[in-house]
Amino acid sequence: MASIAEMDQRARKQLDGMRVNHDVMARDVLSLIELVSSLRAQLERAEAERVTIHPRRDASDQFNMGPIPEGFEDLFAGMGRRAG
C-alpha cells in the first residue's frame, strides 16, 4: 500500500490536470476504503465491548438510590491506589 502522502500527492496531481496512472489511483482508493472499513469495524467492536457501570445522566429518577449507605465508602476506600 502506498503511503497517505503518496496518495495525496497523486490525487492532487490529477486534480491539477496532470496525468496520473488511473489504475494506481483506483488501487489507492480501494486501499483507503479497506482501511476505513477496518477502522469502523474496530470502533464498533470497542463500543460493543464497553462496560457501563453507571446510569446515563439523562436517566429517570428511578436510579436515584438516595444517600450512600453507612460504611459503603469505607469498604471501597483506597481502591485504585497501589499498595506500597
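Readers should treat all values here as calculations from the given coordinates under stated rules, not as data from a laboratory. Just so it is clear, the structure is predicted and the values come from calculations on it, not from any experiment. Here the Cβ positions follow ideal geometry from the backbone for every residue, glycine too, while neighbour counts run over all protein chains shown.
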Farthest towards the positive end of the dipole of the stretch 1-48, among Ala48, Met18, Ser38 and with Cβ unit charges of +1 on Lys and Arg and -1 on Asp and Glu, lies the Cα of Met18
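Can you tally the net charge around Ala26? Count Lys and Arg as +1, Asp and Glu as -1, for every other residue whose Cβ sits under 13 Å from the Cβ of Ala26.
On the way: positive: Arg10, Arg27; negative: Asp23, Asp28, Glu34.
Every neighbour counted, the sum reads -1.
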Could you order peptides 29-36, 7-14 by the average number of other Cβ atoms within 10 Å of their residues, highest first? 7-14, 29-36
